[in-house]
Amino acid sequence: MKTFNKALVAILLASVVCSCKTMQNYYQIAQTKPMDATFIKCDDADKGYYYEDLNCRISYNFWSEKGDAGFTVTNLTDQVLYILKDKCFFIKDGVSYDYYHGREWADPVVAGKATATDKEQTIIGIAPHTSRSIGSYEIYGFVLVNCDLDRKPAKNKPASISFSPENSPVQFGNFITYRVGNYGAEQSVKNMFYTWRVTNYRKDDLFYTEKITKCPNVSDIKEMQESIIRFAPATGYYITYVK
């Protein structure tokens, strides 16, 4: 019985030690580059990448958890610009994924009327000199694990690793087909990027708190604490994890 009690005590002590271990929140931030920097421009990392021709401007803002590979098209012409969604694809590591899925949506019955069904359109029209956002594919959904990348960096010492296009953890982009006007010729554009640098940060290294004055005349919201991130470029994306 004494032997059993000693073993039980040892197990309980081990569980207490484990339960007292402090878990730390981390952010893994990935930075990207275009495969062809002469084709895809970037005036400001906080505003993201863009491609532009005589008819349209295609803009990218990747900043979100796991990355947002979608795009915004601005029509630069005086005619309606049509995105041929069934001829547009998200490309990731050499594999194509459709932007057109043939979805249907059933609207609920309203005031006794029969249920209506909406169908996803193969063609998206953009009025002259206006913009429209398309797509919702994520860039990379996993924490990158690499022998040369510390997943638990010390405070004020973020850990980084760099890649070439050939050994990057992910190459991604979009193949976009459009036409100008009802009878314009179809034109296709391929915008490709790769992850070139990954950095692991402790959350408390990446964020700081600032007092913000919202409504000076309302006492309970006169001053508020706001968490602000130090580094959030539109050309990058992030993944959170706990260690």
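So for the stretch 199-217 (the condition being among the basic types (Lys, Arg), modelled with pLDDT under 95, part of a loop (DSSP other than H, G, I, E, B) and under 27 Å from the mean Cα position of the chain (by Cα)), does at least one residue qualify?
Checking the stretch 199-217: not a single residue is among the basic types (Lys, Arg), modelled with pLDDT under 95, part of a loop (DSSP other than H, G, I, E, B) and under 27 Å from the mean Cα position of the chain (by Cα).
Restricting attention to the stretch 47-58, does a residue exist that is at pLDDT 95 or above, part of a loop (DSSP other than H, G, I, E, B) and aromatic (Phe, Trp, Tyr)? Quick ask: steps written out before the conclusion?
Just the residues of the stretch 47-58 that are at pLDDT 95 or above, to begin with: 48-58.
Those still in the list that are part of a loop (DSSP other than H, G, I, E, B) too: 53-55.
Keeping just the survivors that are aromatic (Phe, Trp, Tyr) gives none.
No, there is no match, as no residue in the stretch 47-58 is at pLDDT 95 or above, part of a loop (DSSP other than H, G, I, E, B) and aromatic (Phe, Trp, Tyr).
What's the number of the condition TRP105 fails, among (1) part of a strand (DSSP E or B); (2) modelled with pLDDT of 95 or more?
Failing condition for TRP105: (2).
Determine, yes or no, whether ALA185 is closer than 30 Å to ILE83 by Cβ and not hydroxyl-bearing (Ser, Thr, Tyr).
Details: closer than 30 Å to ILE83 by Cβ: yes; not hydroxyl-bearing (Ser, Thr, Tyr): yes.
The answer is yes for ALA185.
Tell me, please, whether a residue that is under 29 Å from VAL80 (Cβ atoms), among the hydrophobic types (A, V, I, L, M, F, W, C), in contact with a strand residue (DSSP E or B) (Cβ under 9 Å, 6 or more places away or on another chain) and assigned to a loop (DSSP other than H, G, I, E, B) can be found in the stretch 145-154.
Checked the stretch 145-154: no residue is under 29 Å from VAL80 (Cβ atoms), among the hydrophobic types (A, V, I, L, M, F, W, C), in contact with a strand residue (DSSP E or B) (Cβ under 9 Å, 6 or more places away or on another chain) and assigned to a loop (DSSP other than H, G, I, E, B).
Being surrounded by 11 or more Cβ atoms within 10 Å (Cβ to Cβ) and either farther than 30 Å from TYR241 by Cα or modelled with pLDDT under 95 (or both) is the requirement here; does GLY112 meet it?
In short, no.
So LYS41 clears everything in (1) touching an Asp or Glu at 6+ places or on another chain (Cβ under 8 Å); (2) under 21 Å from ARG132 (Cβ atoms); (3) surrounded by 15 or more Cβ atoms within 10 Å (Cβ to Cβ) except one condition, right? Which one?
It is condition (3) that LYS41 fails.
The values are calculated or read from the model by the stated rules, or taken from the named source; none is laboratory data. This is a predicted model, so every value here is computed, not measured. Cβ coordinates were reconstructed from backbone atoms using ideal geometry, including for glycine residues, and neighbour counts include every protein chain displayed.
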